[in-house]
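Okay, structure first, notes after.
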Amino acid sequence: MARMIQDWSHKYQGEVFKLEKYIEEYLFKDRVQEFIGEYSNGEGLTIFDLNVPNVMVSDSCGARVGAQTWVYKKTGEAYIEISSWMLEDINEAKGVMRHELSHYVKEYCGLEGRPHGANFNKVLKVVSPRYFRRDRYWRNTKAIEKARLKLHPFAKRDTKLQCSFAGNCLNIV
Ligand SMILES: [Zn+2]
């Protein structure tokens with residue numbers, strides 16, 4: 001089902017440009033391409049063309065959702081929608097990009113399983129071998145938390161559990 005997204009990408013052009021370059025760099029790393037090659041030649045045939053996901057910014061994907069991925073299977077288009085408050089810390093935003101790119105690669109390779117299940121972890125390890133543990137979650141730095149609470153005043157301040165990606169981090173449409 002289509003969803004209206006308030007797109008703030010024009011306001012964050014510099015960040016968007018930087019993050020799209022970052023995604024492209026990761027997607028075309030040898031280890032990621034080798035991993036993709038193994039699956040696209042095997043049983044897990046890909047059903048859409050490989051694209052570098054576009055980055056778009058919305059005010060918020062949700063009180064707990066740093067970013068979410070959209071994959072349009074018919075056309076192969078993919079978007080990574082990042083919450084504006086996540087851009088308050090570019091390093092955290094990059095971690096979120098590695099996480100979301102892993103969702104995309106998992107779908108591209110036709111790997112089954114839950115959005116954050118074993119196959120997701122497998123891909124995340126390939127995309128982000130050094131940081132795969134921390135890339136499972138985003139972190140609320142001071143700046144992120146300030147911006148997040150401005151948009152979600154009723155979101156509770158504490159608890160690490162809040163910094164998890166919600167189950168709806170991936171949307172196949
Ligand atoms: Zn996720």
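Quick note: the coordinates plus some simple rules give every number you see, no bench work behind them. Everything numeric here is computed off the predicted structure, so don't read it as measured data. Because the Cβ atoms are built from the backbone with ideal geometry, glycine has one as well, and the counts that use them run over all protein chains shown.
For the stretch 94-127, a residue qualifies if it is of a type in the set (Lys, Arg) and in a loop (DSSP other than H, G, I, E, B), and exactly one does: Arg114. Entry remark, the stretch 67-111: residues being among the basic types (Lys, Arg) and surrounded by 23 or more Cβ atoms within 10 Å (Cβ to Cβ) number 1 in total. Inspect all residues belonging to the stretch 66-76 and state whether any of them is within 15 Å of the ligand (Cβ to nearest atom) and in contact with a Leu (Cβ under 6 Å, 6 or more places away or on another chain). Looking for residues that are within 15 Å of the ligand (Cβ to nearest atom) and in contact with a Leu (Cβ under 6 Å, 6 or more places away or on another chain), one finds at least one in the stretch 66-76, hence yes. Residues of the stretch 131-157 that are under 17 Å from the mean Cα position of the chain (by Cα), more than 12 Å from the ligand (Cβ to nearest atom) and not β-branched (Val, Ile, Thr): Tyr131, Phe132, Arg133, Arg134, Arg139, Asn140.
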